[in-house]
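> Pasting a structure below so you can have a look.
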Amino acid sequence: PFDPQRLYVATHSGFYTSTDGGKSWSDLGWNTPPSSPAGMLWRMEPDPYQRGHLLVGIVSGTYGIGTGWLYSSSNYGVSWQAITMPNDLAWISNIAFHPITPGLVYLTAAGVYRSTDSGMSWDRIDNPQQPEMQTAASVVIATHPRPMLLVGTAPYPYRSLDGGATWERAKSLPGVSAYMFADGD
């Protein structure tokens, strides 16, 4: 978000970066702590407020099921630190930084999680009374005309108008799990 010439590629074998729009690439390897579990990089998001800060979701197991781990880098992917989650994390399907609130991040992984410190600590915010939210596959954020979170689940989407404190099933076609707000609207 700070440099349109900087690109990242995460693969099973490593992490690559380009600072010249993809003309040349540097193989940074995958420099996680030695105790890190084996898995594949599945989700990556750059922080739109902090230069060089990235969050990466690593997964193991079959698509959609299995264990997930979250890592953070503050130096453009040169090194990574494991993030401790509040409980065992499932397959990480989406990471979304809030478009106007620095430090606010949402993550879906068989539930919905929120961080207010750029991804260093997390709270689970989905509603256990709505078991469909356990299939959360995506989260999108609207900023106007009113703030809204929309979480795509296997049967129906759920929305929150208060940052994830309360949720309601939204009206939509059943079976759609990926959504997008155009320009935050």
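The values are calculated or read from the model by the stated rules, or taken from the named source; none is laboratory data. As the structure is a computational prediction, the values presented were derived from the model and not from experiment. Here Cβ is always computed from backbone atoms with ideal geometry, including for glycine, and neighbour counts include all displayed protein chains. Please note that ligands, DNA and RNA were not included when accessible areas were found on the heavy atoms of the full protein model with its side chains. Shrake-Rupley method; radii C 1.70, N 1.55, O 1.52, S 1.80 Å.
> Within 10 Å, count the other beta carbons around each residue, average over each peptide in 89-99, 140-150, 112-122, and list them highest first.
89-99, 112-122, 140-150
> For Asp126, which sequence-distant residues (separation of 5 or more, or a different chain) have an amide H within less than 5 Å of its own amide H, given hydrogens modelled in the peptide plane?
Val112
> Enter the accessible area per residue of the range 80-166 (Å², integer; probe 1.4 Å; all protein chains in place). Walk me through the numbers before you get to the answer.
Details: 3620 Å² over 87 residues.
Each residue of the range 80-166 exposes 42 Å² on average to a 1.4 Å probe.
> While we're here: Suppose a student asked you for the relative contact order of the chain, using Cα pairs under 8 Å spaced at least 6 residues apart; what percent would you report? Show your work: numbers first, answer last.
Working: 458 pairs, mean separation 21.2, N = 185.
Rounded, it is 11 percent for the chain.
> Taking amide hydrogens as modeled 1.01 Å from N in the peptide plane, which residues meet the under 5 Å criterion relative to Leu104, leaving out close sequence neighbours?
It is His98, Ser118, by chain and number.
> With a sphere of radius 10 Å drawn around the Cβ of Phe97, what net charge do the other residues whose Cβ falls strictly inside it have (Lys, Arg +1; Asp, Glu -1)?
Details: positive: none; negative: Glu45, Asp47.
Summing Lys/Arg as +1 and Asp/Glu as -1 gives -2.
> Just by accessible area at a 1.4 angstrom probe, what is the order of Ser79, Ser138 from largest to smallest? Walk me through the intermediate numbers first.
Values: Ser79 40, Ser138 15 Å².
My answer, sorted largest first, is Ser79, Ser138.
> May I ask you to rank Tyr179, Tyr158, Tyr49 by accessible area, largest first, using a 1.4 Å probe over the protein chains only? Don't skip to the end; give the middle numbers.
Details: Tyr179 55, Tyr158 10, Tyr49 80 Å².
Correct descending sequence by accessible area is Tyr49, Tyr179, Tyr158.
> Using heavy-atom solvent-accessible surface (probe 1.4 Å) with all chains present, what is the largest-first order of Thr17, Thr11?
Working: Thr17 15, Thr11 40 Å².
Reading off the accessible areas and sorting them downward yields Thr11, Thr17.
> Can you tell me how the range 113-182 classifies by the Cα gyration tensor, rounded, prolate or oblate, using a/c under 1.5 as the rounded cut?
It comes out oblate by the Cα gyration axes.
> Another one. Counting only C-alpha contacts under 8 Å and six or more residues apart, can you give the relative contact order of the range 62-123 as a whole percent? It would help to have the intermediate numbers written out before the result.
Working: 110 pairs, mean separation 16.5, N = 62.
Taking the mean separation of contacting Cα pairs over the length of the range 62-123, I get 27 percent.
> Of the accessible area of the range 54-185, with the probe set at 1.4 angstrom, what percent is carbon plus sulfur? Don't skip to the end; give the middle numbers.
Values: 3420 of 6160 Å².
For the range 54-185, the apolar C and S fraction of the accessible surface comes to 55 percent.
> With the alpha-carbon atoms as the only input, what is the per residue convex hull volume for the range 43-185 in Å³? Display every interim value, and only then the final one.
Numbers: hull volume 14.9 nm³, N = 143.
Given the Cα convex hull of the range 43-185, per-residue volume reads 104 Å³.
> Given charges of +1 on the Cβ of Lys and Arg and -1 on the Cβ of Asp and Glu, with all other atoms neutral, how large is the dipole of the chain about its Cα centre, in debye to the nearest 20? Each step should come with its number before you reach the end.
Numbers: 10 positive and 14 negative charges, 31 e Å.
Its charge dipole is roughly 140 debye.
> Continuing with this model, one more query. Order 123-130, 21-28 from most to least packed using the mean count of other Cβ atoms within 10 Å. Before the final figure, lay out the partial values.
On the way: 123-130: 14.6, 21-28: 12.0.
Packing proxy ranking, top to bottom: 123-130, 21-28.
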